[in-house]
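Notes for the one structure printed next.
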Amino acid sequence: MRNILFFLLAFLSTFKALALQNDTSAYQTQRLKINALLAERSARFGQYDESLTARTGIFGLQTKKDIRNSNEILRQVVLNDNNIFRELKILMEYKDLEVKTVKNDANQTNDRIQNYKTAIKTLQDQNEGLRKEAIALNVDKNLLKLTVALFVLTIAALIWFFTKKMNRLTKRNEEAVF
């Protein structure tokens, strides 16, 4: 029974650790996704800076194509920013979930500790009561032993007394008969 309980406890601990690891790996995956989006944004913003300096027109002026290209890159940067915000929101939800999980675990642990303290206090009270009861039983047992010993001594003394009296009476009767 003890081995089964130990096995069950070990299994539940492993299961909880795996669940926590999955949450942590999902959080890490989300962070990697955001980091990749940030790297992509930096690269596109660099392209945008280059496109602003690009001048393919006559006399080194910007053409409509250059401006459209810059605007398209800027639009992609904005779309990428929107994706970053969306992914950050998901990351914050993971973080909030982790905080809630930690608080829940802490509350459960505190509840278990309080239950253990209550159980220990109850057992200590029961132990003290049993100790007092054992002392009272010992006193009663000793008193009973003393009473029995006194009773036996009284009976022995009475037997001795009556035997002596009988012996005297028997000697007197024998002397009287002779």
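No value in this document is a laboratory result; all are computed from the given coordinates. Values in this document were obtained by computation on a predicted structure and should not be read as measured data. So basically every Cβ, Gly included, is an ideal-geometry build from the backbone, and we count neighbours across all protein chains shown.
Rounded to the nearest 10 degrees, the angle from helix 2-53 to the longest Cα principal axis of the chain is 20 degrees. Note on Leu137 and Lys65: the extension gain reaches 15.3 nm, defined as 0.36 nm multiplied by sequence separation minus the Cα-Cα distance. The modelled label-to-label distance between Thr56 and Val148, using points 7 Å beyond Cα along the C-beta direction, is 11.8 nm. Helix 64-177 against the longest principal axis of the chain: what's the angle in degrees, Cα atoms only, rounded to the nearest 10? Approximately 0 degrees, to the nearest ten.
For the chain, a Gaussian network of Cα nodes joined below 10 Å ranks Asn142, Asn82, Asn115 by mean-square fluctuation, and the top entry is Asn142. For the chain, the relative contact order works out to 19 percent when only alpha carbon pairs closer than 8 Å and six or more residues apart are counted.
State the Cα centre-to-centre distance between segment 40-71 and segment 111-178 in whole Å. Distance between centres, Cα-based: 112 Å.
What percent of all Cα-Cα pairs in segment 129-178 falls into each 5 Å bin, going from 0 up to the bin containing the maximum distance? Answer for segment 129-178: a P(r) of 5, 18, 11, 12, 9, 10, 7, 7, 6, 4, 5, 3, 2, 1, 0 percent.
All distinct Cα pairs of the chain go into the 1/r average, and the inverse of that average, the Kirkwood radius, is 27.2 Å. Taking each residue as 0.36 nm, the span from Asn115 to Asn35 lengthens on full extension beyond its C-alpha to C-alpha distance by 24.3 nm. Note on the chain: with charges restricted to the Cβ of Lys and Arg (+1) and Asp and Glu (-1), its dipole about the Cα centre is near 780 debye.
Taking each residue as 0.36 nm, the span from Ala157 to Asp49 lengthens on full extension beyond its C-alpha to C-alpha distance by 26.4 nm.
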